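A short write-up of the structure that comes next.
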Amino acid sequence: MTYTLRQLDSSGTLVDEKRVNAHSYHAALRQLKDAADGAEKIEVYNGENEKAGEISVEYWATRLRQR
């Protein structure tokens with residue numbers, strides 16, 4: 001399935017968007033290599049443009065980021 005990762009700043013403005021193929025939204029988040037400058041949260045949308053999840057950049061960086 002294709003997931004869209006939208007990185008937003010503190011005011012909710014889109015600062016970056018990427019599409020990845022993954023079997024779950026957690027797997028999609030793990031494929032993200034770096035957070036965009038100014039991004040504070042990451043929203044994940046499935047292929048039908050339904051929100052699958054949301055995570056803070058801080059949590060992503062400490063728990064899910066690829067090393």
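No value in this document is a laboratory result; all are computed from the given coordinates. Everything numeric here is computed off the predicted structure, so don't read it as measured data. Virtual Cβ from ideal backbone geometry, glycine too; neighbours counted across all protein chains shown.
A compact table of results
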| item | result |
| --- | --- |
| Equivalent ellipsoid, the stretch 2-64 (semi-axes from 5 times Cα gyration tensor eigenvalues, Å) | 17, 13, 9 |
| Helix-only CD estimate at 222 nm, as mean residue ellipticity for the chain, using -39500 (n - 2.57) per DSSP H run (n ≥ 4) | -2500 deg cm²/dmol |
| Segment GLN31-GLU17, extension gain: residue separation times 0.36 nm, minus the distance between their alpha carbons | 3.7 nm |
| Charge tally in the Cβ shell below 12 Å around GLU17, where Lys, Arg are +1 and Asp, Glu are -1, GLU17 excluded | +1 |
| The chain: GluC sites (Glu not before Pro) in DSSP loop, at most 14 other beta carbons within 10 Å | GLU48, GLU50 |
